[in-house]
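Here it is: the structure, laid out below.
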Amino acid sequence: KLHSIITTLMGGTGVTVGTVFYVGKDGVLVDQWKALLRILNKGGRGDVFAQSGAALCLALILVTACPSMQTTASADGDAKKAVNVNRSASYASAVEPLEALTAWIVSQLKSAHGSSIGIVVPAMTALMAATETRHLFSASGGIKYLARQLRSSSKSNTPSGGGSVDQPSGTGTGNATVQQLYELTFCLWCMTYELNGSPNIRADFAKDGAAVEALTVMVSTGPREKVVRVALSALVNLANCNAEESPEPAGVTKVDGGVFLTDMLACKLLKSIQFLEDRQFTDPDIVDDIKILHKLLADNYKEMSRWEVYKTEVESGHLTWGSTHTEAFFKENARMMEGKDADFKLVKVLIALLSSKDDEIAAIACHDIGEFVRFYPNGRAIAKRLGAKELVMPLIEHENIDLQRHALQCVSKMMVQNWEYVK
């Protein structure tokens, strides 16, 4: 009922959300919002339907007070006729509850349970309407957890329809619906519109490449055209962002579109884009975004050497078989594995990837470590010192035959002086 009242007020011109929930000459938020927050804080003891509804209602009430939402253009688009529909709402009185609501949403995103998605998606989507709430979401670590949730949800996706306000979609199923995947992608897309204005948001998107990976997965495996459309649009925004409007502080690494394009190449987005070019789409925006991304990715790829492509791929952790995982490549580039500071960073990353849950990634890591051992002077001693042998040995008995084979070859290369004779 409260949601129905709020939506009715949102469409009104006289009595509005601002005039009802923000009182007095200063437009201070009424104390009754605390009752909605108490419902959220009941955790597992609470009713998921009530929690979802309370979160959405609270989000709609609070976002009204955001300065970026205070003025809205008239229907004919004439900015001069803009009217202040919520002039009585005080943003200062809404900051504390906004922070509390945002923290609750992010805490739910951290959860591995699929039911959490259905509870928070409506409220999170509502918060994406305002610039202020998007910044609060980022400051709470929301981008990282949203990307992770989108990535994990896509793996367990069961396209069984979508959720709604009246029925928290996906609650209790452990799987994300197509609608939830769309809404999660939509929220990530909304956040990309703050890239140029915030170095912190650019940095959050760049952390561990999770956001780019999640969006690339949506482009490659998106169950519906609308999911692909929003994911592509978000990737275009990432590829085109710049640091001119809000540069990073002195001493902080610059993050711009070039950084994200490199991450996209590491995630093999170019191959996915080339595949999409052969598909027929009804939405012209998708076709335009495919062309834009293809050109940007192709141009960026041309500027990168084979070593840079390999380095980017390893650092991203998304290993796939290709021309950089061959004997010829390592024969030419083995010495580059030292790194600028002679810390063998890439070798350490490959050793860490031996523990990957993805069998193919672990197999490629075994292969690359073995080739490093073959072609880098004293490579065997370095690999052993860094702990490669201890992690590879158990993989010899792995149930995956291909991984088992590469692990055995890797260990053999560490133990045999002249591998080519054994081969």
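The values are calculated or read from the model by the stated rules, or taken from the named source; none is laboratory data. As the structure is a computational prediction, the values presented were derived from the model and not from experiment. Cβ atoms come from the backbone with ideal geometry, glycine included; neighbour counts cover every protein chain shown. These accessible areas exclude ligands, DNA and RNA; they are computed on the full protein's heavy atoms, side chains included. Shrake-Rupley method; radii C 1.70, N 1.55, O 1.52, S 1.80 Å.
Looking at (1) part of a loop (DSSP other than H, G, I, E, B); (2) exposed (fewer than 15 other Cβ atoms within 10 Å of the Cβ); (3) at pLDDT below 80; (4) on the phi < 0 side of the Ramachandran plot, which one does G77 not meet, given that it meets all the others?
Answer for G77: the failing condition is (4).
Please pick out the residue among D278, D283, D208, D289 that is farther than 22 Å from T312 by Cα and open to solvent by 50 Å² or more (accessible area, probe 1.4 Å).
Exactly one residue qualifies, and that residue is D278.
Then there is this: Of all residues in segment 246-269, which are open to solvent by 20 Å² or more (accessible area, probe 1.4 Å) and within 14 Å of H318 (Cα to Cα)?
Hits for segment 246-269 are T262, D263, L265, C267, K268.
Kindly evaluate L297 against the criterion of being assigned to a helix (DSSP H, G or I) and open to solvent by less than 50 Å² (accessible area, probe 1.4 Å). Walk me through it before giving the result.
Values: assigned to a helix (DSSP H, G or I): yes; open to solvent by less than 50 Å² (accessible area, probe 1.4 Å): yes.
The answer is yes for L297.
Answer yes or no: is there a residue in segment 375-391 that is surrounded by fewer than 13 Cβ atoms within 10 Å (Cβ to Cβ), small (G, A, S) and free of Cβ contacts under 8 Å to residues at least 24 places away in the same chain. Break it down stepwise before answering.
Here is the first cut: in segment 375-391, the residues surrounded by fewer than 13 Cβ atoms within 10 Å (Cβ to Cβ) are 377-378, 381, 385, 390.
Checking which are small (G, A, S) leaves us with 381.
Now restrict to residues that are free of Cβ contacts under 8 Å to residues at least 24 places away in the same chain: 381.
Yes: segment 375-391 contains one or more residues that are surrounded by fewer than 13 Cβ atoms within 10 Å (Cβ to Cβ), small (G, A, S) and free of Cβ contacts under 8 Å to residues at least 24 places away in the same chain.
Another question about this same structure. In segment 327-364, what residues are open to solvent by 40 Å² or more (accessible area, probe 1.4 Å) and touching a residue at least 40 places away in the same chain (Cβ under 8 Å)? Talk me through it step by step, then tell me what you get.
Residues of segment 327-364 that are open to solvent by 40 Å² or more (accessible area, probe 1.4 Å), as a first pass: 327-328, 331-332, 335-336, 338, 340-343, 345, 348, 352, 355, 357-360.
Answer for segment 327-364, where residues must be open to solvent by 40 Å² or more (accessible area, probe 1.4 Å) and touching a residue at least 40 places away in the same chain (Cβ under 8 Å): E327, K331, R335, D359, E360.
Still on this structure, I have one more. Name, by its number, the condition in (1) under 13 Å from M414 (Cβ atoms); (2) touching a Gly at 6+ places or on another chain (Cβ under 9 Å) that does not hold for K345.
Of (1) under 13 Å from M414 (Cβ atoms); (2) touching a Gly at 6+ places or on another chain (Cβ under 9 Å), only one is false for K345: (1).
Is it fair to say L9 is under 20 Å from L109 (Cα atoms) and either open to solvent by less than 60 Å² (accessible area, probe 1.4 Å) or over 30 Å from the mean Cα position of the chain (by Cα) (or both)?
Working: under 20 Å from L109 (Cα atoms): no; either open to solvent by less than 60 Å² (accessible area, probe 1.4 Å) or over 30 Å from the mean Cα position of the chain (by Cα) (or both): yes.
Spelling it out, it is not the case that L9 is under 20 Å from L109 (Cα atoms) and either open to solvent by less than 60 Å² (accessible area, probe 1.4 Å) or over 30 Å from the mean Cα position of the chain (by Cα) (or both).
Looking only at segment 14-43, which residues are part of a loop (DSSP other than H, G, I, E, B) and either in contact with a His (Cβ under 6 Å, 6 or more places away or on another chain) or open to solvent by 70 Å² or more (accessible area, probe 1.4 Å) (or both)? Give the derivation first.
As a first pass, look at segment 14-43 and keep what is part of a loop (DSSP other than H, G, I, E, B): 14-16, 24-27, 30-32, 41-42.
Passing the criteria: V15, K25, D26, D31, Q32, N41, K42.
Could you check how many residues of segment 254-281 are part of a helix (DSSP H, G or I) and within 16 Å of T192 (Cβ to Cβ)? Quick ask: steps written out before the conclusion?
The first filter runs over segment 254-281 and keeps only residues part of a helix (DSSP H, G or I), leaving 257-266, 269-276.
Okay, now just the ones that are also within 16 Å of T192 (Cβ to Cβ), so 257-261, 263-264, 269.
Count: 8.
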